[in-house]
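Just so you know, all these numbers are worked out from the coordinates, no wet-lab data involved. No experiment lies behind these values; they were computed from the predicted model shown. Backbone-built Cβ (ideal geometry, glycine too); neighbour counts: all protein chains shown.
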Amino acid sequence: MSDKDPEGLESKKREIAADINNYQRLLKSLIALYKFTKSEGGEFYFGGRIIPNDKNSPTPDIIIKLPKFAIVGDAKRSLPNPNNRQIFVSEEDYLKTFIENDLIKQLKSYDINISNIGIKNHDLILLAPQGCTDAMAVLKFDFLDKQKSAFERKFILLVYVVEPLANTEQIRISYEWGTLSSSEIENKIKRGKISYYRGELDKEIGMFKIFEENNGATPIVYVMQLLWAQIFPEINKKSDKDIILEWYRTGENVFEVKLSKLIKYLNKLYSLPYIVDSNGATERIQFKTQLVSTAMENFVKMGLVERDNGEVTENTKYKVVWKELPEKEITSYFVEKMWKSGIFKGEEVGQKKLE
Amino acid sequence: MKIEEYGMLDQNKRKFFITIERLFGEVSGTPPKVAICTYDKRYSMAELFKKHMPAAFDGTTFEIDKSEIGDIFKFRLKLYGKDLEPSCLLINLKEWPIGIILSNAKHIDFKNVQLAFFRSYYPLISRTFFSSVELLKLLGRIEKTTETDIEAQRYVVKRYYGKKETRLCFAKTPYSDLFLNAVSEHMWVDSIVVNLKGKSESDAVSKLRIGRDGIFSYRNMGFAKFFVFVLEELLKTWNDELYKNTLENRARSFDDVVAKPIKIKLKSELFLEENDALKFIEVIKGLPKWGYSIISLNKFFIELNVLDYVSGGSFDITVPASNEIHIIPQTQVTPTVFNRLLSFLTENYEGEIQNV
């Protein structure tokens, strides 16, 4: 069978690897912030609805509950470039459209009384990637410096970086602008205390593998890897004797699972804790239905999973045929199969038989 | 060991050794061979052997002798319908989740057939490994408890990413020097053959082979002596230190999501240049029936996930320092599966296992 556009495939593999790497940067930085919060006797949450049971409620990305106060706000994987003339006609346009009416407006929606989720006083936070120099310049010098006070509450601007060092990585969160209610914690941040070598974050990185900043932020191949290598074996209790005996006999394990169970397992095993409202309702889950069902649809198109025809809902049942993949490198195999089934082009490739 | 010497042992051990002697006749000219493994203590091995027989070994039969020390399985293996003589024993100890495979077969049959038979029961059985440091400690203990002088005859050394090299020993070279010299050459002693010489001229000289791969052989010693002086303390330490502290209860699961990482601290600074991370991936590719995913690869820093297809166990592995390998067990990691991964890594890397 001849490869269709092999050069395109290799470049797709590289693109996806870079996307996963890039995604991990914000995730690792949040984990660094999580670890720092814990060391200060606090709790770190991946957001939640500020107004419980209200679909239009503001939903901050980060809620940090410290002993004396809380910090509530957003984390950004990237900031748009003010020099991008395809989107912003001028810097003033950027200032108005993005900074004021998007970024700050969002933060202002958290600048309200939120004692209903057990927070009596809080500051605001924006965590952005280091390196968006022009965007940060506009934010700091053209907006924040020029306002008397943009917010009612205190606001702090931090930047994160994951820096490759000689034999490891260093994950750092640094001070950029603003202030906190605790001068002690503010000082620690200014003095570079939120700084960890990769080896110090093993436990947390082993447990937290998603940060859905917005829908579609998490690379789908990354989710497929979690499903195939961790979630499917766990749901099927793969290391139990009877399942192993089935493997010895047939070289594969077949089991059925509902979409809702996959979502439940992914969230339990791999998401950051999220704040729960006073009714105990689960809010702001990270592995959402669409993300997981898209990953499963890819497996269906690749012939590894079957499901009944019809609309996909949380009750949809999948039949997983779990076996040793023909290629040792799992994510690379997924990308190749997806490429050949035309998934990246958003269409199936006719009646072409997959290997 | 002569029958009258059994009097020194407790009754259970006495009965145990007498049973082994009855079941396991030594073959003249062929030293007994031993391999150490661990088993999944959730399950009965007898039931497992009854329920599953690999196709190549169809027709294999076994008997079980039960004792207070452990269940002794005597296998008469058939390979593609042909009887394979001699038989071999599997002793599943009760006190620790350890199995001792005992055989009189020639080396080639032992490795290629008998051990292959037990390998087909992975992950319910998994071969153990020992570090070079543990082998050195073992020799010291044997010397003391048997009141013999240990003379090294020949040994095998290995370095990271290098081939194994057999070296002969000059007379009277202290065995400990061999281990130290290996370290100074950035190598380690992978296995060693020694003579045990008694204080008196009339004492018979025993011979012993010990290896990091958990394979031993002995001559002029008898199983009882071998068990008491060579194995017992080694296996107890393995259980108390490795099994209980490292292998057990490491899996993440729906009911227990906390991650419990470990690290292997290497003797040398190994991950220093750009290619070193790639070399590590090449080693990982050598794990048969395992898959892997590269999560991050930045010059000399790598993050992988590895998946064992037979057990479903998976691990995050990173190399976050020049002399460390960090392992975070994920789901479905039973002690035998973790043992398999560490055993494989030990083949290629000598280091100390530490909790993170």
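Here are the numbers for the structure shown:
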{"item": "Cut-off 11 Å between beta-carbons: net charge of the residues surrounding residue A:257, Lys and Arg +1, Asp and Glu -1", "result": "+4"}
{"item": "R0 of 51 Å, Cβ-Cβ distance residue A:242-residue A:105: FRET efficiency to nearest 0.05", "result": "0.35"}
{"item": "Cα→Cβ-extended label distance, 7 Å offset, between residue A:323 and residue B:177, nm", "result": "5.9"}
{"item": "3J(HN,Hα) from dihedral phi, the stretch A:155-166, Karplus parametrisation 6.51/-1.76/1.60, rounded to Hz, x for glycine, proline", "result": "9, 10, 10, 10, 10, 10, 8, 10, 9, x, 10, 3"}
{"item": "Degrees separating the helix A:330-340 axis from the principal Cα axis of chain A, which is the longest one", "result": "70"}
{"item": "Isotropic mean projected area of the C-alpha convex hull, the protein assembly as shown (nm²)", "result": "37.4"}
{"item": "Angle between chain A longest axis and helix A:241-250 axis [Cα atoms, degrees, rounded to 10]", "result": "50"}
{"item": "Most mobile listed residue (A:129, A:60, A:233) in chain A, GNM with C-alpha springs under 10 Å", "result": "A:233"}
{"item": "Binned Cα-Cα distance frequencies in the stretch A:78-164 - 10 Å width, integer %", "result": "16, 45, 28, 10, 1"}
{"item": "Descending Cα extents along the principal axes, the stretch B:94-219, whole Å", "result": "43, 39, 29"}
{"item": "Residue list for the stretch A:229-272, given a label point 7 angstrom along the Cα-to-Cβ vector of residue A:308 and an amide N cut-off under 18 Å", "result": "A:255-262"}
{"item": "Translational diffusion coefficient (Stokes-Einstein; Kirkwood radius from C-alpha pairs) of the stretch A:6-207 at 10 °C, 1.306 mPa s, in µm²/s", "result": "87"}
{"item": "Exposure proxy order (Cβ contacts within 10 Å, fewest to most) of A:95, A:139, B:9", "result": "B:9, A:95, A:139"}
{"item": "Spin-label model distance (nm) - residue A:174 vs residue B:186, 7 Å beyond Cα toward Cβ", "result": "3.5"}
{"item": "Ranked list, fewest to most other Cβ atoms within 10 Å of each Cβ, for B:206, A:341, B:311", "result": "A:341, B:206, B:311"}
{"item": "Trypsin sites (Lys or Arg not before Pro) within the stretch A:96-135: DSSP coil, no more than 12 neighbouring Cβ in 10 Å", "result": "A:120"}
{"item": "Residues B:196, B:272 arranged by fewest to most Cβ contacts within 10 Å", "result": "B:272, B:196"}
{"item": "Alpha carbon Rg of the stretch B:202-356, scaled by the compact-globule rule 2.2 N^0.38 Å", "result": "1.22"}
{"item": "Radius of gyration and Dmax over the Cα atoms of chain A, both given in Å", "result": "22.6, 73"}
{"item": "Gyration tensor over alpha-carbon atoms, chain B, equivalent ellipsoid semi-axes in Å", "result": "34, 27, 18"}
{"item": "Max mean-square fluctuation residue, GNM over chain B, Cα-Cα springs under 10 Å, options B:11, B:114, B:330", "result": "B:11"}
{"item": "Distance violations [Cα-Cα > 20 Å] among B:41/B:236; A:108/A:193; B:163/B:197", "result": "A:108/A:193; B:163/B:197"}
{"item": "Tail fraction, Cα-Cα pairs, the stretch B:272-344, threshold 17 Å, whole percent", "result": "39"}
{"item": "Per-residue mean of C-beta atoms belonging to partner chains within 10 Å, peptide B:47-60", "result": "1"}
{"item": "Stokes-Einstein translational diffusion, the stretch B:36-82 - Kirkwood Rh over all Cα pairs, 0.692 mPa s, 37 °C, in µm²/s", "result": "274"}
{"item": "Computed over the stretch A:220-345, Kirkwood Rh from alpha-carbon pairs, angstrom", "result": "15.7"}
{"item": "Extension gain, residue A:165 back to residue A:83 (0.36 nm per residue minus Cα-Cα distance, nm)", "result": "26.5 nm"}
{"item": "Peptide-level mean, for A:194-206, of C-beta atoms on other protein chains within 10 Å", "result": "5"}
{"item": "Peptide A:161-173 - average C-beta neighbours from other chains (10 Å radius)", "result": "4"}
